[in-house]
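Here the structure is laid out as structure tokens; the discussion comes afterwards.
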Amino acid sequence: MSSLSADASAGILSFMLCQVNLNLPDSPATPLITNDAVVLGILIAVLYFVTETSALKTGFWPRFYRYVPSLLLCYFIPALFNSFGVIPGSTSALYGVATQYLLPASLVLLTLNIDFKTIRQLGPKALIMFGAGAVSIVLGGPAAVWIMAHISPEVVGGTGPDAVWRGLATIAGSWIGGGANQVAMKEIFLPSDRLFSATIAVDVIMSYMWMAVLLYGAGISASLDKRTGADSSAIDGVREKIENYRSSIARTPSFADWVRLVAIAFIPTALAHFMADAIVPWIEVNAPYLAQFSMTSKQFWIVVITTTFGLILSFTRAKEMEGAGASRMGTLLLYLLVVVIGMRMNLFAIADRPGLLVVGAIWLSIHAAVILVTSRLIRAPFFFTAVSSQSLIGGPASAPVVASAFHPALAPVGVLLAILGYAVGTYGAYLSALMMRAVSP
């Protein structure tokens, strides 16, 4: 999976994290294949095809993947199958399995090898870039609605559940935090199912396009940093330290190692489910007002708890399991999740509201302008620009993959920044939604 890890996700654990209850529009035809075992085989075949072709060094494919991120292909090939009625994206049980079990397990494995002492060496520029990116999304949504209201007010109008600002609020939750924050916004502002489906399409399409730009930038980051005078020595130092540590613990994994990795991944996942099953009903009875902060979403608690377990384990000897391939197993689970999520996407959902793509493009352009100007002003390396942006737009699944496009050892930096996005996502999206409502026609 190393060649895949050098490409990135997108926008997807924003979309990835917790959309177990999404009601996407039905595919345009009765699914040709309804057996989940066959569907799983098809999805794994897609992953195998992309992995093999992206690893080739000569011929057509290297040129193709220079412009098309491999992870993007992992997402859109299954999406095409679903959109044309080949597989049952909206009814398959595979989605629930992937989001409930593979996602939290991958988060544990990907956070297991975080070294906070080393990450601190990156300095304050990483947090400055993250903060600028978050603010640009909070304010960019209302700005995009205001601009479109003067150009084509019907695009951002509507009343009741079809009021467009309600659907855009879920994008704000996704782009600042992740899926848990997105669902929180859906539960707070209650957009119609049809509107929600269209905004999901905007979320995914825009975030993937932006991811492709960031991946291209990663390939020329050295020249970009030289042009802006950015100092990337801190990043190089962190990368070297992480590499040296991994070399010191690297070994050929035994059967017992693989069992330990599975235990490290899925026991915390089980505990997170157990704890979420207890926490959510208690909050619903004793503190229902916390629903506005997504505290009544089980998936929110599962993500938070499993990430916390991973961080705690990073301070123990379990961290040494990185030498047996912890992050590689986590990446494999992550990419399995990607192809499963891809099959949920109906590429025709945006047909009802194509104007929303323009709103999304304006919004994302504002974000891009703010982070690029901020980066230039503080002379931040492009690594900080790309990973901070993707940790917001994409979330915990895509940020580490984008970070690994610079170097696989830097993936934990993306995880940390994406987790920070979860902490502020609901509050920022709620504020953005109120402002979008205020400027809507």
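Nothing in this text is a laboratory measurement; each read-out follows from the coordinates by a stated rule. Note that the structure is predicted; figures quoted are calculated from it, not measured. FYI the Cβ positions are ideal-geometry reconstructions off the backbone, even for glycines, and counts take in every protein chain you see.
Kindly flag which residue pairs out of LYS57/LYS117; LYS57/LYS125; LYS298/LYS319; LYS125/LYS319 have an alpha-carbon separation exceeding 32 Å in this structure.
Numbers: LYS57/LYS117 37 Å; LYS57/LYS125 36 Å; LYS298/LYS319 27 Å; LYS125/LYS319 27 Å.
Result: LYS57/LYS117; LYS57/LYS125 exceed 32 Å.
For the chain, what's the relative contact order in percent, using C-alpha pairs closer than 8 Å and at least 6 residues apart?
Working: 793 pairs, mean separation 165.1, N = 441.
Relative contact order, the chain: 37 percent.
What number, in nm² with one decimal, is the all-direction average of the projected area of the convex hull of the alpha-carbon atoms of the range 184-239? Intermediate results must be reported in sequence, preceding the final value.
Numbers: hull surface 25.1 nm².
Mean projected area for the range 184-239: 6.3 nm², to one decimal.
Using 0.36 nm per residue of separation minus the Cα-Cα distance, give me the extension gain between SER248 and MET275 in nm, one decimal. Could the numbers behind the result be given before it?
On the way: separation 27, 0.36 × 27 = 9.72 nm, distance 3.59 nm.
Stretched fully, the SER248-MET275 segment lengthens by 6.1 nm.
Nearest 0.05, what FRET efficiency do HIS150 and LEU377 give at R0 = 30 Å with Cβ-Cβ as r? Walk me through the numbers before you get to the answer.
Values: r = 29 Å, r/R0 = 0.98.
FRET efficiency, HIS150 to LEU377: 0.55.
Be a star and scan the range 127-152 for residues whose amide nitrogen sits under 16 Å from the point 7 Å along the Cα-to-Cβ vector of LEU431.
128-143
Could you tell me the ratio Rg/Rh of the range 205-293? Both radii from Cα atoms, Rh via Kirkwood. All intermediate terms of the calculation are to be shown ahead of the outcome.
On the way: Rg = 22.3 Å, Rh = 18.7 Å.
Answer for the range 205-293: 1.19.
For a test of the definition: using alpha carbon positions, the gyration tensor, and the 1.5 limit on a/c, classify the range 164-262 as rounded, prolate or oblate. Working shown, then result.
Details: a/c = 3.17, a/b = 1.49, b/c = 2.12.
Taking the square roots of the gyration eigenvalues as a ≥ b ≥ c, the range 164-262 is oblate.
How large is the convex hull of the Cα atoms of the chain per residue, expressed in Å³ as a whole number?
Working: hull volume 63.5 nm³, N = 441.
Dividing the Cα hull volume of the chain by its residues yields 144 Å³.
Using a simple spin-label model with points 7 Å from Cα along the Cα→Cβ vector, what separation in nm is obtained for ILE312 and ALA222?
4.3 nm
Need one word for the range 276-373: rounded, prolate or oblate. Basis is the Cα gyration tensor (sqrt eigenvalues a ≥ b ≥ c); a/c below 1.5 gives rounded, then a/b vs b/c decides.
Numbers: a/c = 1.86, a/b = 1.28, b/c = 1.45.
Oblate, because a/c is 1.5 or more while a/b does not exceed b/c.
May I ask for the net charge around ARG166, where only other residues with Cβ less than 10 Å from the Cβ of ARG166 are counted and Lys, Arg are +1 while Asp, Glu are -1? Don't skip to the end; give the middle numbers.
Details: positive: LYS186, ARG437; negative: ASP162.
For residues surrounding ARG166, the net value is +1.
Can you give me the C-alpha center-to-center distance between the range 59-88 and the range 105-167, rounded to a whole angstrom?
Between the Cα centres of the range 59-88 and the range 105-167 lies a distance of 26 Å.
Take the chain, connect every pair of alpha-carbon atoms lying under 10 Å apart with a spring to form a Gaussian network, then pick out the residue of SER197, SER233, SER365 with the largest mean-square fluctuation.
Comparing SER197, SER233, SER365 in the GNM, the peak value goes to SER233.
For the range 45-107, what is the convex hull (Cα atoms) projected area averaged across all directions, in square nanometres? Can you show the working numbers first?
Details: hull surface 21.9 nm².
Projected area, direction-averaged: 5.5 nm².
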